[in-house]
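What follows is one structure encoded as structure tokens, with my remarks underneath.
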Ligand SMILES: Nc1ncnc2c1ncn2[C@@H]1O[C@H](COP(=O)(O)OP(=O)(O)OP(=O)(O)O)[C@@H](O)[C@H]1O
Ligand SMILES: [Mg+2]
């Protein structure tokens, strides 16, 4: 059982770098909270403050309702899994997993029972006598997870734990982590800059930008209602198309439904565009209509990305399957009115 509550947390590093500028996040018991954002936005700093590896310059961090600002990392009862695994190279898998428990003076029998049951959960039983260099990347990552799990901590912290793995293994491990986190029911904070990982893992998704929270909520809410152009272009691959309004250069190529008075940017997701060669008359009233010129087509298997220009702007259309479309083609595309997003000159949703 553990909740994690951050209130107006700030970090100013010696030297004056303001890495985190007032972050508040409430994580309920058993939830998996994902911090996502571009490089340097303060994700690791925030995680390290929760772990007790960095001091908190202002604000508070509470675990289970108890403020832990001045409590050392070992007393916080937290386990952290890093990107580079941080395994001890000279120790066998068994000893890597047992290390933290030995340090705490856990009885030998209990250590053995916990290491073996965790190894079983993670399918590491046959690897316990090996050293880290004798393991694959995915196995090393599992050992790092195992080392965190055996300690039976209140909170798991993950800092980009999968970024050293290839795409296929990353996908598998993502599912494993999610299942493991659910079955263990341990409150977790997970840092990544991979938006797919963020979307699929998170109960609560927190999008960070320059030391601040841009938006937090359920992954689907954020996907469907991004609070800013920053979030719109960060979540989703390919990202949301964003077209500046009122600049004149879209004239003739774009027919718009009524636009909110304060909007200066129009957004629509690549998958919300439809290409129609016939039956264009049947397109619903109020739809966005675009006349685009194709620049390139990327077939990625189950779907294709059609890269286009409209007026002077670039945009992408995502269509199922393969398409008979080639560079230079002129196409008409449509997006339904309810799929349109509008943003003001400050980048915020209107
Ligand atoms: N020990 C430090 N001393 C001074 N500045 C630091 C220190 N650690 C990080 N920073 C700065 O704080 C800011 C946030 O860094 P942080 O490592 O938290 O980013 P991040 O979001 O984890 O990025 P990445 O995705 O690249 O890992 C950056 O500008 C970074 O240069
Ligand atoms: Mg980082």
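Between the Cα long axis of helix 167-184 and the first principal axis of the chain there is an angle of about 60°, rounded to the nearest 10. Per residue, the chain reaches -7500 deg cm²/dmol at 222 nm when only DSSP H runs of four or more residues are counted, each adding -39500 (n - 2.57).
Each part reduced to its alpha carbon centroid, segment 202-240 and segment 305-350 end up 20 Å apart. Just checking the listed ones, 333, 106, 200: in the Gaussian network model of the chain with Cα springs under 10 Å, the one fluctuating most is 106. Rounded to the nearest 5, what is the percent of antiparallel bridges among the DSSP beta bridges in the chain? Expressed as a percentage, antiparallel bridges in the chain total about 75. From most to least packed by mean Cβ count within 10 Å, the peptides 263-273, 218-228 give 263-273, 218-228. FRET efficiency for the pair residue 249 and residue 8, taken as 1/(1 + (r/R0)^6) with r the Cβ-Cβ distance and R0 = 41 Å, rounds to 0.45.
Using per-residue counts of other Cβ atoms within 10 Å, averaged over each peptide, order 301-309, 9-17 from highest down. The partial results should precede the final answer.
Working: 301-309: 16.3, 9-17: 13.2.
Per-residue mean Cβ counts within 10 Å order the peptides as 301-309, 9-17.
Note on residue 58 and residue 285: the model spin-label points, each 7 Å out from Cα along the C-beta direction, lie 5.4 nm apart.
Order these peptides, 341-349, 128-136, by their mean beta-carbon neighbour count within 10 angstrom, highest first. It would help to have the intermediate numbers written out before the result.
Working: 341-349: 16.6, 128-136: 14.1.
Averaged packing, sorted descending, gives the order 341-349, 128-136.
Which of 292, 259 has the fewest other C-beta atoms within 10 Å, and how do the rest follow up to the most? It would help to have the intermediate numbers written out before the result.
Details: 292 24, 259 14.
Placing the least packed residue first, the sequence is 259, 292.
Rule-based calculations on the coordinates, nothing more; no lab input. Because the structure is predicted, anything quoted here is derived from the model rather than measured. We place every Cβ from the backbone using ideal geometry, glycine too, and count neighbours over all the protein chains shown.
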